[in-house]
Protein chains: 2
Amino acid sequence: MAVDSGLTHTSVPVRLSRRAEWTRKQAIGFLMQQAVENPGVISLAAGLVDRDSLPVEETRSAVEVLLGDDERARDALQYGTTAGAERLRSLLVEHLANLEGCCPTELGIDTNSLILTNGSQQLLSLVGQVLLNPGDICLVASPTYFVFLGTVQGLDARSVPVATDEDGMQMDALEKELQRLQDAGELERVKLIYLVSDYENPSGFRLSSERRAAVVEIARRWSKRQRIFVLEDAAYRELCYDVPRLPSVWSFDPSCETVILAQTFSKSFSPGLRVGYGVLPKELIEPICDRKGNEDFGSSNFNQHLIATVLGQGRYAEHIRLICNSYRIKRDAMLAAADRYFADIPGVNWVHPHGGLYVWMTLPISVETGFESPLFERATKTEQVMYVPGELCYAGPAEERPRHQMRLSFGVQSPSGIEQGMQRLARAVRAVI
Amino acid sequence: MAVDSGLTHTSVPVRLSRRAEWTRKQAIGFLMQQAVENPGVISLAAGLVDRDSLPVEETRSAVEVLLGDDERARDALQYGTTAGAERLRSLLVEHLANLEGCCPTELGIDTNSLILTNGSQQLLSLVGQVLLNPGDICLVASPTYFVFLGTVQGLDARSVPVATDEDGMQMDALEKELQRLQDAGELERVKLIYLVSDYENPSGFRLSSERRAAVVEIARRWSKRQRIFVLEDAAYRELCYDVPRLPSVWSFDPSCETVILAQTFSKSFSPGLRVGYGVLPKELIEPICDRKGNEDFGSSNFNQHLIATVLGQGRYAEHIRLICNSYRIKRDAMLAAADRYFADIPGVNWVHPHGGLYVWMTLPISVETGFESPLFERATKTEQVMYVPGELCYAGPAEERPRHQMRLSFGVQSPSGIEQGMQRLARAVRAVI
C-alpha cells in the first residue's frame, strides 16, 4: 500500500540570520495583543494620536487639489525618488526655518540635506544601520523611547544610559560616561548620542536651551578618532502646549556636521500617512540614501505630494493650533485625575509635561509595574486599564533598571476616558500596595 | 588678535558601519542622474510605469469613498499595525485566490500569512535581512533583477547565478549548482532561490509550469540541514498580454513551507502608493514582522485602506485590462521598431516577451554596453537615448558576466517615443560596431 509521504514529511529547520536573532519583538506588539484580548480595556498605553482631531477635512481638501488636475495626480501616482519628492523637501526647508524662527537661507541647508522616510522611525533605523556595528555604542537618555532601544538591539549594538532630570539628559553625567568609556578603551565604539529633545517619550522632559548647546559641544569635543553624532528625535516638537518652543539641538550645529535631526508628520498631522523626514550631515546623505535604496527605494510619493499640498494650502499651522489645544485639555484632564486619585497614595509622584503625549508616573519603589507584575495583572484583568511599564524604557543591565514607573498616554482617550482610566489605575495600585 | 577657530576646525572622520560599506549605490541612481543631466534623452532605461494609464479616476473615486465618511477616514489616517491593515489583507486572500483560479479556502492561508510592505522591494529586503548572514548564498536566475542583486550585496551575502533560458531558470543547472556547492562544503550557506517567475526583469522570460513545480521540489530535496526557501518575485504577474496566466510557483507549495511570494500594486496600479505584499511560510511571519517593527513599524495605513477601497469597488480588474492593452501596444511598437532598425545588424537578437515591461536585446559579443563603453557614451550623449546595461543584471564574477546586452523598457515612452528611441539606439549601435 502506498504511504502518503506528505503526511510524514518532517520540516527542515529554518536557520535565521544573526540579525533576525538580535531582533526581538517590540513590546508594542505584546501591548497590542493585550488590547485585542481585553477589548473593554481603557488603554493609557497606546502611542496612537487623538482620533477626533485627525485631519479629515484638511486631507479631503488637499486630495481634491492633488487629484483635481490630471497631470498633478499622475506626478503623485508615479514612482518618486529614494530621497523623496523635491516639492515637499523644498517646502520643508521653509517649514524648518519657521520652526527655528529664521529665514530659510539662514539654515545653511538645501533640499539635498533632507531625506523623506516612513515616519521618523525609518530614519532612526537607517541611521543605526549606517553607523552601528555590533558592539558599537549609542548613549541614550534614561528613560528613553523604548522602540529605539529595540532598534539598537536589533543591530546588536549597545544602548548606554545617561542620567536624566527634568531638563533632559544631564551633561555632567554624559561627560562622565564618555570619560568612563574612554578609560575602558571603548570611546571608539561610541557613534551616537540619542535624545528626544522635546517632551522625551516616556518622561515628558524637555532638554533645556543650555543643554542643547552643550550636547553639541560635548559630542564634538569627544569626537577624537571618529565622529560622534547627536541623533535628535524631535517627533513631539510641534506638540507644545503652554511654554514657548525652543530652537532645536540641530540649530546649535551651524556647520551641520554633528546633529542628525529626525522629525515627522505622524504626531502633528496623520500617522496613517507615514511621512517622516531627516536633516543629515553631508557625510551621511549618500550612505543613508543608498541604504534606503536597498530597503525600499523610496517612501510613498503620493503621500509626500499630499503633505506638500497641505503645507502649500497654509492650513497646517491652524491644524497644529487645534490639536495642541485638544492635547492640552487632555493633559490637564490626566493631571487633574492624578491629583484626584493618586495624590494621597504615599510615594507616588508624576511629571507635569508641557508637551508631548505622556505623563510619567513613579510609584513606591516596592511596586513593580512590569508585564509579569501583580499590578499589570490587576490593572489589565480586573480594572481593565493598560499602561506601558517604565522598565521597558531603560537601557543598561536589567538588574539596574527601575521597575516602579509607568508611562501614561493622554493621546488616545477622551478627557472622560482619561479620568476613568486613572481612577481604575489608582484602584489597581491601591490593591497591590 | 582672536583667531576664528571655526574656520580651522578639521572634521573628525565619519566611521560608517560595515553594513553601510557593503551597501553600494544602486545603479538606478546613476541612470537617474544621467537622465537629469541629459534632459532631451529618450529613456528606454527607466523602470517607471506608463504615465497615461495611471489610475487617476480610480484613485479619485476610491478617495471619495474613503474620506466620504468621517469614521472611515479616521481609521485610515490613524496608525495601522506592523503587518498592515486587516481589511486589505483579507481582500488580498480573495485576490490571490482569483489569480490562482481557486476558492480562498483552497489557498490554505489566512490573513496572518500576509504582510504589507513598501512595495515588494521592502519585502525582498526583509527576507534578505532575516535569512542571510554575510557569506550566505542566494541562487538567482542569470540575468536577474539588478536591484535585488544590490540588496543581497548590501548584506554581504553572495548571489550565485544559475543558467536561464526562455523558460526561465534551468532546473538541471540549478541541481548542478547545488551539487557543486555541496561538494564545496557550502550547501549549508544556501538560504534562498530567487526568481522573478513572470517576465523576469530584465529578460522577459517566464518560468514554465513544469519548472514551477520542479523548483519547489528541488528546494525541498536540497533542504538538508536548513530550509532553502524559494523567493518568488511576482511583480509583473498581472502584466500578461497575449498568453494565459500561469499559477504561481507558490501554488505548487500547498504546505506553505518553501515559497515566499512577493507581489505589489506598483506595476498593476500605482507605484506612488508603494503598497506591496508578501505571503510567508509560517516560520518567517514573526521574524519578518519583528524586523519590520524595527525598521518602520508599518507602512502607510492610509494607502492600504485606499487600495482596499479600490479592490472593494470592483474597478481593479477593468484597470488591469486597460493597462495590459496599453502595454501590449507599446511592446508591439518596440518589437516592430526592433524589426525595422535592428534586423539587418548582424549578430543582434532580442526576446519577444508576453508580459512585463522589458525587451532584452543581445548585441554582437564585441559590442560592450556598460556605463564606460563607447556605445553608452554614443547613445546618451550623441543620440540622446538611454538603456540599462545588461551586465548590471548578472551575479557571479565580473569577468564572467556577459557585457553585450541591453534592457529596453517599453513602460514609460509612448509608442512614437519608443519608435524614435529604437531608431536612435540602432544608429548608436551601427556607429560603434
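Points to keep in mind about this one:
- Only listed residue being within 15 Å of B:Arg87 (Cα to Cα), at pLDDT 95 or above and more than 9 Å from chain A (Cβ to nearest Cβ), chosen from B:Thr264, B:Thr309: B:Thr309
- Among the residues of the range A:92-144, those that are hydroxyl-bearing (Ser, Thr, Tyr) and either under 21 Å from A:Arg291 (Cβ atoms) or surrounded by fewer than 24 Cβ atoms within 10 Å (Cβ to Cβ) (or both) comprise A:Thr105, A:Thr111, A:Ser113, A:Thr117, A:Ser120, A:Ser125, A:Ser142.
- Test: residue in the range A:76-83 that is under 22 Å from the mean Cα position of the chain (by Cα) and either of a type in the set (Phe, Trp, Tyr) or within 23 Å of A:Ala379 (Cβ to Cβ) (or both): no
- Any hit, the range A:205-216, residues being within 14 Å of chain B (Cβ to nearest Cβ) and within 17 Å of A:Pro161 (Cα to Cα): no
- Filter result for the condition that a residue is aliphatic (A, V, I, L, M), in contact (Cβ under 8 Å) with a residue 40 or more places away in the chain and under 23 Å from A:Thr144 (Cα atoms), over A:Leu357, A:Leu335: A:Leu357
- The residue of the range A:60-91 that is nearest to the other protein chains (Cβ to nearest Cβ), among those that are hydroxyl-bearing (Ser, Thr, Tyr) and under 27 Å from A:Glu295 (Cβ atoms), is A:Tyr79.
- Filter result for A:Leu66 (at pLDDT 75 or above and in a loop (DSSP other than H, G, I, E, B)): no
- Considering only residues in the range B:49-63 that are in contact with a Ser or Thr (Cβ under 8 Å, 6 or more places away or on another chain) and part of a loop (DSSP other than H, G, I, E, B), the one that is surrounded by the fewest Cβ atoms within 10 Å (Cβ to Cβ) turns out to be B:Asp52.
- Assessment of the range B:24-32 against the conditions (at pLDDT 75 or above, crowded, with 17+ Cβ neighbours inside 10 Å and more than 7 Å from every other protein chain (Cβ to nearest Cβ)) yields at least one matching residue.
- Flag for A:Leu335 being under 29 Å from A:Val63 (Cβ atoms), of a type in the set (A, V, I, L, M) and either away from every other protein chain (no Cβ under 14 Å) or in contact with a Leu (Cβ under 8 Å, 6 or more places away or on another chain) (or both): no
- Of the criteria (1) under 15 Å from the mean Cα position of the chain (by Cα); (2) surrounded by fewer than 23 Cβ atoms within 10 Å (Cβ to Cβ), which one A:Arg206 fails: (2)
- Selection within the range A:177-201: residues that are under 18 Å from A:Ala157 (Cβ atoms) and among the aliphatic types (A, V, I, L, M). The member of this set that is surrounded by the fewest Cβ atoms within 10 Å (Cβ to Cβ) is A:Ala184.
- From B:Val147, B:Val162, B:Val140, B:Val152, residue being at pLDDT below 95 and not in a loop (DSSP other than H, G, I, E, B): B:Val147
- The condition of being modelled with pLDDT of 95 or more and facing another protein chain (nearest Cβ under 9 Å) holds for only one of A:Ser270, A:Ser326, A:Ser251, that being A:Ser270.
- Within the range A:112-131, none of the residues are more than 10 Å from every other protein chain (Cβ to nearest Cβ), over 30 Å from A:Leu284 (Cβ atoms) and more than 21 Å from the chain's Cα centre (by Cα).
The values are calculated or read from the model by the stated rules, or taken from the named source; none is laboratory data. Every value quoted in this text rests on a predicted model; they were computed, and no experiment measured them. Don't worry about glycine lacking a Cβ; one is built from the backbone with ideal geometry, like all the others, and counts go over all protein chains shown.
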